[in-house]
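Read the figures in this text as sums done on the coordinates, not as results from a lab. Here the structure is a predicted model, which is why all the values come from computation and not from measurement. All Cβ positions, even for glycine, are placed from backbone atoms using ideal geometry, and neighbour counts span all protein chains on display.
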Amino acid sequence: MGWQWIIDQNPDIFCLQETKSESHQLPDLVRSPIGYFSYFNSSKMRKGYSGVAIYSKIEPNKVEYGLGVPEMDQEGRLIVVYFDDFVLLNCYFPNGGGGPERLAYKMKFYAHFLSFISKLQKKGMSVIFCGDVNTAHTSVDLARPKENEKNTGFLPEERAWIGAVVKAGFVDVWRNRNIDVKDVYTYWDMKTFARSRNVGWRIDYFFVDPTLLPQVTNMFIHKDILGSDHCPLQLDINF
């Protein structure tokens, strides 16, 4: 996926995850594209790791970086932008691989994130969150569920968290609009050339507050756009 493809799509807002950079390292065209306000959050722990960015044609009323929990906010994983009609969270969730400590960190991050969005919801805000959640929810969301039952990204506790998000009232937009659709994924392992065989995972999502569902006009997974081990997602919504 090239930068030009994003510009050609002309989105009102676009979100990037795993940017692995700091804003001062970016060329002017990427740091401050014409017509957009841009916001970046990078890892404070180590260079070239994690990171997220949001670009918006409309200037938000408020921007926050992180969950407000120091332990969870050192890796530059979240930007929250507040508008008149909704609040948008762009998040690159922890992977959970690399041993028990990282899985524990992922689950703790998950817990804090759900608490954060639930508080926004209770305040009467219409919540949209998107990003690389790094977990497939059900067996239809990855090509080889049986083989991955004991692997991070499809562990029972990880999947249960997405279930808790749904139970809290947030809607997985793509699955809501494509209930019985199979073999549609957002991530493919590059080392095994999995994309050419469509051996993938649907681990990238748009979730919305149910009050926003009537305003959703479409949702796309651009599986044919190359350039990354993930593909772009597009949410069309009217305000």
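Pairs exceeding a 24 Å alpha-carbon distance, out of Lys20/Lys150; Lys146/Lys191; Lys106/Lys150: Lys20/Lys150.
Going by average Cβ density within 10 Å per residue, which order do the peptides 84-97, 136-149 take, highest to lowest?
84-97, 136-149
Between Lys122, Lys57, Lys47, the Gaussian network model of the chain with springs among Cα atoms under 10 angstrom shows the greatest mean-square fluctuation at Lys122.
With the simple model of a label 7 Å out from the Cα in the direction of the Cβ, Ser115 to Ser38 spans 3.4 nm.
Summing Cβ point charges (Lys, Arg +1; Asp, Glu -1) relative to the Cα centre of the chain gives a dipole of roughly 520 debye. Here the range 165-239 and the range 87-162 have alpha carbon centers that stand 14 Å from each other. The overall shape of the range 153-239 is oblate: from the C-alpha gyration tensor, with semi-axes ordered a ≥ b ≥ c, the ratio a/c is 1.5 or greater and a/b is no larger than b/c.
Per-residue 3J(HN,Hα) values for the range 162-173, derived from phi via the Karplus relation 6.51 cos²θ - 1.76 cosθ + 1.60 with θ = phi - 60°, read 4, x, 5, 4, 5, 5, 6, x, 8, 10, 6, 4 Hz in sequence order (x marks Gly and Pro). Shown is the FRET efficiency for Arg102 and Asn218, computed with R0 = 35 Å from the Cβ-Cβ distance and rounded to the nearest 0.05: 0.45. Simple rule: put +1 on each Lys or Arg Cβ and -1 on each Asp or Glu Cβ in the chain, find the dipole, and look at Ser196, Ala160, Cys91; the Cα lying farthest toward the positive end is Ala160. Close amide-amide hydrogen proximity is noted between Tyr205 and Gly131, Val133, each under 5 Å apart and 5 or more residues distant or on a separate chain (H modeled in the peptide plane; Pro and chain starts excluded). For the range 161-208, chymotrypsin sites (Phe, Trp or Tyr not before Pro) are listed when DSSP marks them as loop and at most 11 other Cβ atoms sit within 10 Å of their Cβ; the list is Phe193.
Legend: calculated FRET efficiency, Val69 to Val181, from the Cβ-Cβ distance at R0 = 41 Å, rounded to 0.05, equals 0.70. For the range 185-229, the residues whose amide N sits under 17 Å from a probe point set 7 Å from the Cα of Trp3 along the beta carbon direction are 227-228.
For the range 61-127, build the convex hull from the C-alpha positions and give me its volume per residue in Å³.
Working: hull volume 4.9 nm³, N = 67.
Enclosed volume per residue, from the Cα hull, is 73 Å³.
Plainly put, the chain has a radius of gyration that is 0.93 times its Kirkwood radius, both from alpha-carbon atoms, as the Rg/Rh ratio.
Residues in the range 14-24 carry Karplus couplings, in order, of 9, 10, 10, 10, 6, 6, 6, 8, 10, 4, 5 Hz; the curve used is 6.51 cos²θ - 1.76 cosθ + 1.60 with θ = phi - 60°, and Gly or Pro positions show x.
Per-residue Karplus couplings for the range 121-137, computed as 6.51 cos²θ - 1.76 cosθ + 1.60 with θ equal to phi - 60°, are listed in order as 4, 5, 7, x, 8, 8, 9, 10, 10, 9, x, 8, 7, 6, 8, 8, 6 Hz, Gly and Pro entered as x. Per residue, the average separation of C-alpha pairs within less than 8 Å and at least 6 apart gives the chain a relative contact order of 15 percent.
Considering only Met125, Cys15, Ser42, whose Cα is most displaced toward the positive end of the charge dipole of the chain, charges sitting on Cβ of Lys, Arg (+1) and Asp, Glu (-1)? Result: Ser42. Name all residues of the range 42-60 having a backbone nitrogen under 15 Å from the label point set 7 Å from the Cα of Arg31 along its Cα→Cβ direction, giving them as ranges. Backbone N within reach: 42. Each of His24, His230, His222 has some number of other Cβ atoms within 10 Å of its Cβ, and from fewest to most they run His24, His222, His230.
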